1. Keeping to the stretch A:136-162, report how many residues are surrounded by fewer than 22 Cβ atoms within 10 Å (Cβ to Cβ), in a helix (DSSP H, G or I) and within 13 Å of chain B (Cβ to nearest Cβ).
2. Considering B:D140, B:D183, which residue is at pLDDT below 55 and among the acidic types (D, E)?
3. Take the stretch B:110-126 and flag every residue that is of a type outside the set (V, I, T) and touching a residue at least 24 places away in the same chain (Cβ under 8 Å).
4. Somewhere in the stretch A:232-244, is a residue without any contact (Cβ under 8 Å) to a residue 60 or more places away in the chain and either within 13 Å of chain B (Cβ to nearest Cβ) or under 28 Å from B:R129 (Cβ atoms) (or both)?
5. Restricting to the stretch A:210-231, name every residue that is crowded, with 17+ Cβ neighbours inside 10 Å, free of Cβ contacts under 8 Å to residues at least 24 places away in the same chain and not polar (S, T, N, Q).
6. Is there any pair linking a residue in the stretch A:134-156 that is closer than 19 Å to A:T213 by Cβ to one that is assigned to a loop (DSSP other than H, G, I, E, B), with Cβ under 6 Å and at least six apart or on different chains, and which?
7. Which one is surrounded by the fewest Cβ atoms within 10 Å (Cβ to Cβ), of the residues in the stretch B:110-141 that are within 12 Å of another protein chain (Cβ to nearest Cβ), closer than 18 Å to B:A88 by Cβ and under 14 Å from the mean Cα position of the chain (by Cα)?
Amino acid sequence: MFGYIRPLVPQMLVCENELYRAIYCGLCRAMGKHTGCASRFTLSYDFVFLCAFRSAVERVSFTVEKHRCPVHPFKARAMANDNPVFTYAAGAAAILNAAKLADDAADESGRKRAAARLLSPAAKSIRKRAAGLDMLAESVQTRLTELSALESDGCASLDEPARVFGDLLGNIFAHGLTGNEERLSRTVGAAVGRFIYVADAADDAAEDAKSGTYNPILRLYADLDPASLFETKTVMDHTGRAHTKPRLRTDIAESIYTAALGDLIRLQNALELIDFSRCQKETAGIVKNTAYLGLPSELRRVLALPD
Amino acid sequence: MKDPYTILGVARDASDEDIKKAYRTLARKYHPDNYADSGLADLAEEKMKEINEAYDAIQKMRAGTSSDSYGAGGAYNAGSAHTSGDFARVRQLFNMGHFSDAELILNATPQSERGAEWNFLKGCVLLQRGYLYDAQKYIDTACYLDPSNQEYAAAKQRLRSQASGYGSPYTTTQYGSGCSGSDLCTSLICADCLCECCGGDLIRCC
């Protein structure tokens, strides 16, 4: 999806990091098995988090074995074996990617639309293999339609579209669960979805200003001079390389960061109500590290704020 | 002065909800902005004033405080259409919990009069709805426009301190400060004191 939901690796226990990598490889393998080889290219950290979270809530333990794979043909890697959580995550990823692509093909312009059109037959065939999730597909479609309506209206709020995307992810996190687990997972998914939307908007703000594409942050700050919104800053990518790019100026970035932490309190409140005492210890560690340390750190990176 | 119920066109025994509805419909209808280009704004303003006074009067009567004079303080007073009186009305509505009414007035304020206080109140209304990102923007703008105002600074500080609580259950239980040696000593001494108070003893030597 977007890849903003990742753990803060230096603060993980070694056993947690090992399991995290095994879940990553396991999900990739499961996607190959359930939704076809092409779907493996859409693997993202966000869905790895979904796997860790769902297995913690459903108390599914991962078993790890070493396998070779096409990307790493020489050295066998530890991979988590397929389980119902992976099957679900692969299906949900297929649905979301296919719907997003169809949406881009209809809404976007230029290169993004051409790419979306080129990929849509592949997405359709992947989507067809995600069996038994029609209800979810329908709700994802509804939310995306709602979102593009807000965007074409030029909605001058960051909260409103973020909430719609939050609802979408809340559905994905909660699908198939019941009772309190369903409610808590929905709340967690919604908070994660809002976070992804805000991080993505902040990440793209400078580019969107240049190309004239809709961006909720640009609309919210429409009363300021558009040229004054950005400063040239150094941004680290995930491999630790530095890039010099225009980013939101520091006071606006700080303001968005503070609001995001205030919003994440809702995630914290939900996580505090989930019983992690009976699930695999490492998965609970991955979920907490990602939520409490990974998300703030990722947003600071996107906003080019110092640690 | 005319009967406030007649002005709003409602029966004397109408519910609060109906009165509010009638008031809102009229306020929207006679808003001076609707008349800006027809040159009738002054008449609309007068009408608006009458409506506001009637609404205030009914509210006061129903709250049990009888009032002889229909005091000012309506949303759209005569003179300059949007003085600080508007915002007093917004605050009043806000305190009574009528957030959507407060927002209605705020959204009707023309661009040119959206100063620090407008931004602050807009932020408060959004906050009430749980819109944190939008609220943050408006409250920051209020602080920027009027850096010396204590109220705005306090609101900004509240948002910040709320945000600083994020991640605390994790960082304090697992990593970060945790329980250092000196904490342990302090806790033990405290526990000892408490035991002694109750007649017991935890640490024999002290």
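The values are calculated or read from the model by the stated rules, or taken from the named source; none is laboratory data. Everything numeric here is computed off the predicted structure, so don't read it as measured data. FYI the Cβ positions are ideal-geometry reconstructions off the backbone, even for glycines, and counts take in every protein chain you see. For the accessible areas, the whole protein counts, side chains as well, though only heavy atoms, and no ligand, DNA or RNA atoms are used. Shrake-Rupley method; radii C 1.70, N 1.55, O 1.52, S 1.80 Å.
1. Counting residues in the stretch A:136-162 that are surrounded by fewer than 22 Cβ atoms within 10 Å (Cβ to Cβ), in a helix (DSSP H, G or I) and within 13 Å of chain B (Cβ to nearest Cβ) gives 1.
2. Working: B:D140 fails: at pLDDT below 55.
None of the others qualify; the one that does is B:D183.
3. B:P110, B:E113, B:G115, B:A116, B:E117, B:W118, B:N119, B:F120, B:L121, B:G123, B:C124
4. No, the conditions are met nowhere in the stretch A:232-244.
5. Correct list: A:L218 only.
6. A:E151/A:Y214
7. B:W118
Condition check ((1) more than 27 Å from A:A291 (Cα to Cα); (2) of a type in the set (K, R); (3) assigned to a loop (DSSP other than H, G, I, E, B)) across all residues:
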residue: B:I105; (1), (2), (3): yes, no, no
residue: B:V125; (1), (2), (3): yes, no, no
residue: B:A135; (1), (2), (3): no, no, no
residue: B:S148; (1), (2), (3): yes, no, yes
residue: B:A153; (1), (2), (3): yes, no, no
residue: B:Q157; (1), (2), (3): no, no, no
residue: B:G165; (1), (2), (3): no, no, yes
